[in-house]
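Written out below as structure tokens is the structure these notes cover.
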Amino acid sequence: MVLAIAAGAALYFKPLWVADQQIRLHLWQQHVRSDYVDVNGYRLHYFEALPKAGTAGTPLLLIHGLGARGEDWSTLIPELAAKGFHVYVPDLLGYGRSVRPDVNYSIALQQETMVGFLDAMHVSKADVGGWSMGGWVAMKLALEHPERVDRIVIYDSAGIYFPATFGAELFTPVDSAGISKLMGMLTPHPQKLPEFAQRAVLRKLAGNAWVIQRSVFAMTNGRDLMDFRLHELRMPMLIVWGDKDVLIPLSVGEKFHRSVEGSRLAVMEGCGHMAPAECSKPVVASTVEFLRAVPAIRGGERSYPAE
């Protein structure tokens, strides 16, 4: 009874902490390593998953999005490792369990940090995947250091101009209405959080709001936009998109597809911006098919039905 009361109290007062422990326990059970590394003078947290014993594995760097962290890839990490990839999933500078220095949090800075992370991991070249803002970082990395990127995959990615239907305040809600609006933009099937969970979410967002605000400002000032550089991407590229994405609509993914010669578009039917988490089976299938293809897949479009 005492344990049940303690567990209930932890869930009520620290629901996000409890959820995080469940995710981390799952990853640990799947032999996913959690560690820290010094990158360009900053301490970054990262996850690492090795393929089956006796295989070297193909290096695969996964980069999370705005306001996210490495745990957001938790569904994909073990699946991709099981398919023969040596998976690296860092928390970007300012996010997750990485340090939060007083810097501008620009796409350029995050890209430089990812190059430093690859150096620290002694990875000379890797496949690179990025989700939302992370896709922008991945493309910036591929443009600035093409010798470090073999193939690239972007998931519901930012990076080019489009007429947004929301303001910067969307990402730092201060009340329950703001949380509901954000969730409605992220998933076609939002679930209303209980009040105690909403309070925990607001506390967490308030603590990291300044980093998110700087990231949003850096993204919206136009300096790192990809619009006029996409044609420079020469490595095989897969564009994965949820057809129900409201935050960054499919039309943006289609523009990426038209702008990058030889790119392939994979549309996840019934999925929103959270496709890699909510529609993990078709996302993993399309990713593995693309990254493993010999010769590399060039061009074309394919739709994947909802799970």
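For the ranges 232-238, 263-269, 116-122, what's the packing order if you count other beta-carbon atoms within 10 Å of each residue, average per peptide, and put the highest first?
263-269, 232-238, 116-122
Quick one: go through segment 128-143 and flag any residue whose amide nitrogen is under 20 Å from the point 7 Å out along the Cα-to-Cβ line of residue 220.
Residues 132-137 fall inside that zone.
Summarise the long-distance tail of P(r) for segment 34-304 by giving the % of C-alpha pairs beyond 27 Å.
34 percent
What are the membrane-span-like helices in the chain by this rule: whole DSSP H runs, Cα extent along the axis at least 24 Å, mean Kyte-Doolittle hydropathy at least 0.0?
195-220
Given an 8 Å cut-off on Cα distances and at least 6 residues of separation, report the relative contact order of segment 34-304 as a percent. Walk me through the intermediate numbers first.
On the way: 530 pairs, mean separation 46.6, N = 271.
This gives 17 percent for segment 34-304.
For the ranges 242-250, 218-226, what's the packing order if you count other beta-carbon atoms within 10 Å of each residue, average per peptide, and put the highest first?
The most tightly packed comes first, giving 242-250, 218-226.
Could you list 141, 291 in order of exposure, starting from the residue whose Cβ has the fewest other Cβ atoms within 10 Å?
291, 141
Of the options 158, 126, 99, report the single residue whose Cα projects farthest towards the positive end of the charge dipole of the chain (beta-carbon charges: Lys, Arg +1; Asp, Glu -1).
Among 158, 126, 99, the one farthest towards the positive end of the dipole of the chain is 99.
Using R₀ = 30 Å, calculate the FRET efficiency as 1/(1 + (r/R₀)^6) where r is the Cβ-Cβ separation of residue 296 and residue 35; round to 0.05. Intermediate results must be reported in sequence, preceding the final value.
On the way: r = 32 Å, r/R0 = 1.06.
Taking R0 as 30 Å, the efficiency between residue 296 and residue 35 is 0.40.
Laboratory data are not the source of any read-out in this text; all were calculated from the coordinates shown. Quick caveat: nothing in here was measured; it's all calculated off a predicted structure. As a convention, Cβ positions derive from the backbone with ideal geometry for all residues, glycine included, and neighbour counts pool all protein chains shown.
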